[in-house]
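Only one structure is covered here, and it is reproduced in the block below.
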Amino acid sequence: MSVPAPAAADLVGLRRDLLRFAVLQLRDEAAAEDAVQETLLAACRDGAGFAGRAQWSTWVFGILRHKIVDAIRQRVRQPQPLAEIDEIPEDAFDDLFRSDGHWRAEERPAAWGDPEAALSRAEFWEVFRLCLTRLPENTARVFMMREYLGFDTREICGELSITAANCWVVLHRARMSLRLCLQERWFAGEGGMSC
C-alpha cells in the first residue's frame, strides 16, 4: 500500500513538536536537534516502511522515541550528587482526602464510562497532550521517561540523579495531576473537552 508523503508544511509543524519533545527528554538542544534530524532522515529514507496503520506523525514519533532512548542509554555521565525533583507541592492534593486518608465524597474519581473507547479518539489525545503540557517540566520528563520511553526506575534515577523514592513520588503526583486534568477537561464533559 502506498501512503502519500506529508506536505512540507506538515513536516515543519511536526519538526517543531519533535524538537520540543526531544529537548524535554534530552535536556540538551544540540543533542535534541541531532535526534530530530536523524529521525526525519530515517523517516524519509524508510518511508516505504510506513504501512499506514497509524498516523504518519505517530510513526515518526516512534522513530524519535527510539533515538532518544538510544541517546540516553549511550550517555557517558559523571556521577552526580542525588537531587530531588519537587515541583508539585506535597500538599497539592490534600483537599481531595479526609484526615483518615480516604477520598472526600465530592472528590472521588468519577466513573469514566468506557476508557478504552476514549483512547481510540483523537480528541482524547489532544486533551491528554494539553494536560501533559500543564505538568511542571521535570515532572513531565519523569512521567514520559517511565510511561512513553519505557525506562525503569533505576534508569530514570541514574539519568536524572534522583532517588528511587523521589522518582515514585514524582510519578504519583504526575498521575494524580493528569487524572484531575482529564477528569475536568475530558470525562466531565462526557467525551468532549470541557473548559
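Rule-based calculations on the coordinates, nothing more; no lab input. Since we're looking at a predicted model, the values are computed, not measured. Every residue, glycine among them, receives a Cβ derived from its backbone with ideal geometry; neighbour counts consider all protein chains shown.
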Taking amide H atoms as placed 1.01 Å from N in the peptide plane, list the residues 5 or more away in sequence, or in a different chain, whose amide H sits under 5 Å from that of R121. none
Around I162, which amide H atoms from residues at least 5 apart in sequence, or from another chain, sit under 5 Å from its own amide H, with H modelled in the peptide plane? A83
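What does the convex hull of the Cα atoms come to per residue for the range 134-181, in Å³?
62 Å³
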What is the gain in length, in nm to one decimal, between A111 and E29 on full extension, counting 0.36 nm per residue of separation less the C-alpha to C-alpha distance? 25.4 nm
Efficiency of FRET from Cβ geometry, L41 and D94, R₀ 35 Å, rounded to 0.05: 0.10
Once you place label points 7 Å from the Cα toward the Cβ at S161 and M176, how far apart are they in nm? 2.8 nm
